[in-house]
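First the structure, in the form of structure tokens, and then the observations on it.
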Amino acid sequence: VGEIRRFLRDDNLIKVSRSIKETAYKVQQTRDVLVAKMGREPTVNEIAVELGIPNEEVVTALDASISPASIYETLHQ
Amino acid sequence: MNKAALEFSSRPENVAFARVAVAALASQLDFTLSDLEEIKVAVSEAVTNAIIHGYDNNPECMVRLEIKIVEEFIEIEIIDTGKGIKDITKALEPAYSTDPERMGLGFSFMQSFMENFSVSSSPGKGTRVKMSRRAGTPGRKAVSEQ
Amino acid sequence: MNKAALEFSSRPENVAFARVAVAALASQLDFTLSDLEEIKVAVSEAVTNAIIHGYDNNPECMVRLEIKIVEEFIEIEIIDTGKGIKDITKALEPAYSTDPERMGLGFSFMQSFMENFSVSSSPGKGTRVKMSRRAGTPGRKAVSEQ
Ligand SMILES: Nc1ncnc2c1ncn2[C@@H]1O[C@H](COP(=O)(O)OP(=O)(O)O)[C@@H](O)[C@H]1O
Ligand SMILES: Nc1ncnc2c1ncn2[C@@H]1O[C@H](COP(=O)(O)OP(=O)(O)O)[C@@H](O)[C@H]1O
Ligand SMILES: [Mg+2]
Ligand SMILES: [Mg+2]
């Protein structure tokens, strides 16, 4: 069981989001780039495709409900 | 059709939970970030009302959310079995609140951010707010059709 | 205690919804981002099993999730009323799958990422997977206490 955990980490199957704030920033940036390119508001899916991340990550990145521990982790890694 | 129902303790910290859950489902449709933001505000207002007005902040009560995704539409119902609204017409007036410390704009936000909106309520029985919105606003569509 | 229940159509796109919803609730506790990531994997695996094994991908069926937050613990139950598991001991073996195309590691992930884990199932009736995890791993705690 411990090995599965290591296997997952080593193989990067679990991509621990480095920083939710970083993703949130990239989402906003990509939105602006796409607005300029397409002349309209991009959809969540279009932003997700552009960034190569799932829709769900765009959604979670935009919400501020992050635990104190995760903020601590974000600031100190 | 895709549907989901959520039921959660009427605690203020669950407003964030409801927002995120609805946004996660709504993101299955072609909404923009600002569409999602508006839907989240509408949901926050309705859930907050259920918690503070419907249940007087009693954390033992349960708030229910029903979400349906049918074609381009998301339909959301926010249901409580709390104290209900005596005068719905009055409650819907902008800046009307039974609590002098509140702004009384919750229902106005819901109505302006969602396309279809209705409230049914009976005193002592509870309140049901129903709202829906279509993905792909006319503005965006016009541009992409050029 | 804070509790929530979710019920949603057994569609593959709702796995993401379940992940986000559980993470939003779990984030009320002191989990790190990687803790949350692991909890999300465990939930994905259980919900995926309910959809593909329990319900044979029938989108008309409903998957149920029950989440409780009690002190430092999050407890999650994933429930389906699908076909059930005949031999649970076999199903729990790493690399065992009734589908030759699958890896058979879902239950192993759940067990390694959650602290308490149990499955109950009856053929023809359905399956219930229960798992829980405590926030604040000993390692992190030691560091923050220095
Ligand atoms: N779920 C509910 N249960 C009981 N009363 C409600 C509910 N939702 C709204 N109300 C009543 O309607 C009024 C107007 O609501 P709203 O526009 O959200 O303003 P506010 O919440 O700032 O008072 C509230 O002050 C309250 O009296
Ligand atoms: N909810 C469920 N309903 C019916 N059968 C299940 C369910 N969950 C798991 N199983 C059975 O247990 C086996 C092992 O599950 P798992 O470890 O997740 O591997 P995999 O999903 O890759 O087959 C599955 O192949 C399936 O036969
Ligand atoms: Mg209000
Ligand atoms: Mg599996």
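Tally up the residues in the range B:107-121 that are in contact with a Ser or Thr (Cβ under 9 Å, 6 or more places away or on another chain) and either within 11 Å of B:VAL43 (Cα to Cα) or part of a helix (DSSP H, G or I) (or both), please.
Result for the range B:107-121: 2.
Among the residues of the range C:76-114, not one is away from chain A (no Cβ under 14 Å), closer than 21 Å to C:ARG133 by Cα and open to solvent by 50 Å² or more (accessible area, probe 1.4 Å).
Filtered by the rule that a residue be outside any loop (DSSP other than H, G, I, E, B) and within 11 Å of ligand 2 (Cβ to nearest atom), the range C:52-68 gives C:ILE52, C:HIS53, C:GLY54, C:VAL63. Within the option set C:THR32, C:THR48, being at the interface with another protein chain (Cβ under 8 Å from one of its Cβ atoms), in contact (Cβ under 8 Å) with a residue 12 or more places away in the chain and of a type in the set (Val, Ile, Thr) holds for one residue only, C:THR32. Within the range C:117-138, work out how many residues are within 14 Å of another protein chain (Cβ to nearest Cβ) and modelled with pLDDT of 95 or more. Summing the residues that are within 14 Å of another protein chain (Cβ to nearest Cβ) and modelled with pLDDT of 95 or more in the range C:117-138 gives 4. Would you call C:GLU38 out of contact with any Gly (no Cβ under 7 Å at 6 or more places or on another chain), of a type outside the set (Ser, Thr, Tyr) and open to solvent by 30 Å² or more (accessible area, probe 1.4 Å)? No, not satisfied.
Looking only at the range B:1-29, residues that are open to solvent by 10 Å² or more (accessible area, probe 1.4 Å) and more than 7 Å from every other protein chain (Cβ to nearest Cβ) come to 4 in all.
Residue count for the range C:55-65, restricted to those that are out of contact with any Lys or Arg (no Cβ under 6 Å at 6 or more places or on another chain) and either more than 16 Å from ligand 4 (Cβ to nearest atom) or open to solvent by less than 10 Å² (accessible area, probe 1.4 Å) (or both): 7.
Looking across the range B:41-54, the residues that are surrounded by fewer than 22 Cβ atoms within 10 Å (Cβ to Cβ) and either of a type in the set (A, V, I, L, M, F, W, C) or in contact with a Lys or Arg (Cβ under 7 Å, 6 or more places away or on another chain) (or both) come down to B:VAL41, B:SER44, B:ILE52. Does C:GLU101 satisfy the condition of being more than 19 Å from C:ARG19 (Cβ to Cβ) and either within 16 Å of ligand 1 (Cβ to nearest atom) or at pLDDT 95 or above (or both)? No, not satisfied. Scanning the range B:13-37 for residues that are part of a helix (DSSP H, G or I) and closer than 15 Å to B:PHE73 by Cα yields B:VAL22, B:ALA23, B:ALA24, B:LEU25, B:ALA26, B:ASP35, B:LEU36.
Residues in the range B:106-129 that are in contact (Cβ under 8 Å) with a residue 40 or more places away in the chain and within 13 Å of ligand 3 (Cβ to nearest atom): B:GLY106, B:PHE107, B:PHE109, B:MET110, B:THR127, B:VAL129. Consider the range C:83-92 and keep the residues that are in a loop (DSSP other than H, G, I, E, B) and more than 8 Å from ligand 2 (Cβ to nearest atom). The one that is nearest to C:PHE117 (Cα to Cα) is C:ASP87. Residue check: C:LEU33 meets all listed conditions (1) at pLDDT 95 or above; (2) open to solvent by less than 20 Å² (accessible area, probe 1.4 Å); (3) out of contact with any Phe, Trp or Tyr (no Cβ under 9 Å at 6 or more places or on another chain) but one, namely (1).
The values are calculated or read from the model by the stated rules, or taken from the named source; none is laboratory data. These numbers were taken from a predicted model, which means no experiment stands behind them. Backbone-built Cβ (ideal geometry, glycine too); neighbour counts: all protein chains shown. Areas reflect the complete protein model, heavy atoms only, side chains present, ligands, DNA and RNA absent. Shrake-Rupley method; radii C 1.70, N 1.55, O 1.52, S 1.80 Å.
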